[in-house]
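See below for the structure under consideration.
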Amino acid sequence: MTVLNSRPASTLAAVAVGALMLGLGACATASASAPVVENAAGQVAPGRDDLTAFPAATADQARYVIRLPERANEDDFKVELIVGRTQMVDCNLHSLGGAIETRTAQGWGYDYFVVSKLDQGVSTLMGCPDSTLKEAFVRGGGAPTLIRYNSRLPVVVYAPHDVEVRYRVWSAGPEEHAPR
């Protein structure tokens, strides 16, 4: 058993979270089945789990439902939500404005995520050697959104119809000892 010095619990928790985040350097792209997209009426392929805890999508939104596979030690994993659009871009770096907001299903306490409309965004202004355009996924939503890995509940994301929702699963490396 390792004995820790007499630091406050909040400091130890912050160190543990920091160590976990540093260990998230090696990520794995999720290979789970594609998310289920539902229409405004909440229709989904038959045989799926009941989603009555979550509100139906509005007419201008799609509801993405990500079901994560069960894993041993789920506390060692995080899910990164990635939103954006596939569009034509030049050689510059592009990003879209917008945000991912966390909301709670009333009466249930389950979190779900709502993507605001992604605006035109920004890009670097480098001079491109040629004026060719290529199709690429352009991220939006601001800072990365890392959420707890939980295979018992679906990850539910509401986004405008022109927005793509992607995700990655991050895994923690082995614990490291901090020098004194």
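Observations, loosely collected:
- Meets criteria (modelled with pLDDT of 95 or more and charged (D, E, K, R)) for ARG139: no
- Residue within segment 14-31 that is hydrophobic (A, V, I, L, M, F, W, C), over 23 Å from TRP170 (Cβ atoms) and modelled with pLDDT under 90 present: no
- Being among the acidic types (Asp, Glu), modelled with pLDDT under 95 and over 30 Å from PRO129 (Cβ atoms) is a property that does not hold for ASP119.
- SER116 falls short on exactly one of the conditions (1) surrounded by 12 or more Cβ atoms within 10 Å (Cβ to Cβ); (2) of a type in the set (S, T, N, Q); (3) touching a Phe, Trp or Tyr at 6+ places or on another chain (Cβ under 6 Å), and that condition is (3).
- Some residue of segment 154-170 being under 30 Å from ASP50 (Cα atoms), surrounded by 14 or more Cβ atoms within 10 Å (Cβ to Cβ), in contact with a Ser or Thr (Cβ under 8 Å, 6 or more places away or on another chain) and among the basic types (Lys, Arg): yes
- Restricting attention to segment 131-153, the residues that are in a strand (DSSP E or B), of a type outside the set (Lys, Arg) and surrounded by fewer than 16 Cβ atoms within 10 Å (Cβ to Cβ) total 8.
- Qualifying residue in segment 49-69 (condition: more than 16 Å from the chain's Cα centre (by Cα), without any contact (Cβ under 8 Å) to a residue 24 or more places away in the chain and surrounded by 11 or more Cβ atoms within 10 Å (Cβ to Cβ)): yes
- Any hit, segment 89-101, residues being at pLDDT 90 or above and within 13 Å of VAL156 (Cα to Cα): yes
Let's see how each residue does on (1) more than 20 Å from ASP60 (Cα to Cα); (2) without any contact (Cβ under 8 Å) to a residue 40 or more places away in the chain; (3) in contact with a strand residue (DSSP E or B) (Cβ under 7 Å, 6 or more places away or on another chain):
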{"residue": "GLU74", "(1), (2), (3)": "yes, no, no"}
{"residue": "LYS78", "(1), (2), (3)": "yes, no, yes"}
{"residue": "HIS94", "(1), (2), (3)": "yes, no, yes"}
{"residue": "ALA105", "(1), (2), (3)": "no, no, yes"}
{"residue": "TRP108", "(1), (2), (3)": "yes, no, no"}
{"residue": "GLY121", "(1), (2), (3)": "yes, yes, yes"}
{"residue": "MET126", "(1), (2), (3)": "yes, yes, no"}
{"residue": "PHE137", "(1), (2), (3)": "yes, no, yes"}
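- Just one of the listed residues (ALA172, ALA159) is touching a residue at least 24 places away in the same chain (Cβ under 8 Å) and in contact with a helix residue (DSSP H, G or I) (Cβ under 8 Å, 6 or more places away or on another chain), namely ALA172.
- Whether a residue is closer than 15 Å to GLU164 by Cβ and surrounded by fewer than 16 Cβ atoms within 10 Å (Cβ to Cβ) was assessed, and THR104 does not pass this test.
- Strands (runs of 3 or more DSSP E) wholly inside segment 48-128 that include at least 1 residues being polar (S, T, N, Q): 61-66, 77-89, 100-104
- Count of segment 156-180 residues which are outside any loop (DSSP other than H, G, I, E, B) and either in contact with a Lys or Arg (Cβ under 8 Å, 6 or more places away or on another chain) or of a type in the set (Gly, Ala, Ser) (or both): 9
The values are calculated or read from the model by the stated rules, or taken from the named source; none is laboratory data. Model, not experiment: these values are computed from the prediction. Please note: Cβ atoms are built from the backbone with ideal geometry, for glycine as well, and neighbour counts cover all protein chains shown.
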